[in-house]
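First comes the structure, then the notes that go with it.
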Amino acid sequence: MIGIPIGIAYASLAEWLIHKHVLHDLGRKPGSFFQYHWLHHRNAKLNGLIDEDYRKPLGGWNGQTKEVASLLGAAALHLPLLPVAPFFTCTLFAWAVRYWVRHRHAHLDPNWAREHLPWHVDHHLNRNQNANWGVTQDWWDRILGTRETGEPHSGQSEASSSMEPGAYPA
């Protein structure tokens, strides 16, 4: 049973680290598989948090499908641990599902996101998108000093209205 809290701590820290170092660093590189995250930020910034990719079916190869593929890949990497650490491994699987459900919901219903994931709204709509790396929770942002609040969540900012296609939100 100790695997459950360890799994929560591990999964939440992995979420923070992957978002910061993989999705943002590699996502900025044209042609990278993770560029979908760069496009996700552009969509969210231009549309007041809404990302239309989350309305599309999972059968197409778009940002939502790439996110699901990444989550399935991460789960598959941990599958060998199932026989020796079943509670830990199942917690990771549950966290991946939780991540996808909450992240998708946030980008389909900004009002829900403002209430339940305000740090993620801050991440997308504030001027500094290089903060607030936690998606489903803000624990590690608070611990590591990367939680920032800023301008009100009014949808498009003045920066978003002038974004050119291909411009990464600052």
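Rg (Å, one decimal) plus Dmax (Å, integer) for the alpha carbons of the chain?
16.0, 53
Once the Cα atoms of helix 3-17 and of the chain are each reduced to a long axis, what angle between those two axes, in degrees from 0 to 90 to the nearest 10, is obtained?
Orientation of helix 3-17: about 30 degrees from the principal axis.
Could you please state how large a percent of the accessible area of the range 52-157 is carbon and sulfur, counting protein chains only and using a 1.4 Å probe?
64
How far is helix 86-108 tilted, in degrees, relative to the longest principal axis of the Cα atoms in the chain, given as a value from 0 to 90 rounded to the nearest 10?
Helix 86-108 sits at roughly 20 degrees to that axis.
Any chance you could tell me what percent of the C-alpha pair distances in the range 57-110 go past 12 Å? Don't skip to the end; give the middle numbers.
Values: 970 of 1431 pairs.
That tail contains 68 percent of the Cα-Cα pairs.
Give the distance, in whole Å, between the Cα centre of the range 1-68 and the Cα centre of the range 118-145.
Here the two parts' Cα centres lie 14 Å apart.
In degrees from 0 to 90, rounded to the nearest 10, what is the angle of the helix 35-46 Cα long axis to the longest principal axis of the chain?
Value to nearest ten degrees: 50.
The values are calculated or read from the model by the stated rules, or taken from the named source; none is laboratory data. Remember, it's a predicted structure, so these values are computed and weren't measured experimentally. Areas reflect the complete protein model, heavy atoms only, side chains present, ligands, DNA and RNA absent. Shrake-Rupley method; radii C 1.70, N 1.55, O 1.52, S 1.80 Å.
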